[in-house]
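Values quoted throughout were computed directly from the atomic coordinates according to the rules given, and no laboratory measurement underlies them. Note that the coordinates shown come from a computational prediction; the quantities given were computed from them, not determined experimentally. FYI the Cβ positions are ideal-geometry reconstructions off the backbone, even for glycines, and counts take in every protein chain you see.
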Amino acid sequence: MDVGIGLLSAQRRPDDDRSAAAIYNELLELGTEADRLGFDSVWTSEHHFTDDEYLSGTMPTLGALAGRTDDVEIGSAVALTPLYDSVRLAEDAATIDALSDGRLTLGLSIGYLDSEFDAFGVPKDERVERTEDAIELLQHAWQPGPLNYESEFHPISPETTVTPTPDTPPRLMIGGLARPAVRRAARMGDGWCANETLSIDDIKTRQDDIEHVRADEGIDGEFTTYVIQHGFVGDSYEEAWETIRESYLYQQRKYVEWDESRSVEDLPDDWEQELEDRAIVGTPEDVREELADYRDALGDDTHFIFRMYHPGIGTDTMTECLERVSDEVLPYI
């Protein structure tokens, strides 16, 4: 079972008066530490036009991480595919893959926020078709020679050669919870990403469906299930929870605000309790046990993206957590 860290979102909480440069330097420091400490991966995220400056420049950030790290897998969880020029996305991803010596996993999704589609002038009702078209274009663009693909949404000649050409195409991880999205990942990707709202049983059900689809359609090759979940390690459950509580609940409120286009001061008590129950927090022993539950249910080839980046709690606090997970959790997982 691989374990990575994320999601590096660069969010600025209202009480955070640091410069943008300081916040982004924190991301790079955490990525560097994760690489040094033996984590398997580091992940960015993406949203646009938010009041807390959520990370929008996924590709530049991954390029910076490529230059600051040596061994760790770097990836997007996830890039909002319909909002990209797919040819530029192919070029940028191939460049990052070259800079990182083949360490890029490009995570993609169809997106969901009306405000982002409206601002970019992309019809939301085309998001599935645009995403599938982009995936096809990426896969053709990363092969040697002419593109040899006629894109429905990008007026580029099939005779065009897109460069650089990767030695091995970057891995494609596709996110989504609904059955069509999961099956899209099975057919078109090298992996599927399950977000933090899914239980282990929910993930297992979708994982079984993926295996059936790939078997029925004769699709070979390695396929990885990526699992995202919030968490933190401390001396006790109470300490770990109190360390991340304000930041964790802040992030969840922002997701609601963006989706519903309204301000949210507090989450309902039952919802807050559900979020606390969902997070993997506690002593190293507590965290080991919960990660082992994922591994035992989903298999050794599961890639766990541990959301230990909590905006505003301090670089040193997050670094200490990474060190403890590296020393006291990873050797047992």
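With all pairs of different C-alpha atoms in the average, the Kirkwood value for the hydrodynamic radius of the range 145-270 is 18.4 Å. Among the GluC sites (Glu not before Pro) within the range 10-42, not one is in coil by DSSP while having at most 13 neighbouring Cβ atoms inside 10 Å. I'd like the orientation of helix 58-68 relative to the chain: the angle between its Cα long axis and the longest Cα principal axis, in ° from 0 to 90, rounded to 10. Approximately 70 degrees, to the nearest 10. Normalise the Debye intensity by I(0) for the chain, one equal point scatterer per Cα, no solvent, then take log10 at q = 0.06, 0.09, 0.12 Å⁻¹ and round to two decimals. The calculated log intensity ratios at q = 0.06, 0.09, 0.12 Å⁻¹ are -0.20, -0.46, -0.85. Computed packing ranks the peptides 180-193, 201-214, 70-83 as 70-83, 180-193, 201-214, most packed first, by mean other Cβ atoms within 10 Å. Centroid-to-centroid, using Cα positions, the range 191-230 and the range 68-112 are 20 Å apart. For the residues Thr197, Thr131, Thr243, a GNM of the chain with alpha-carbon springs under 10 Å puts the largest fluctuation on Thr197.
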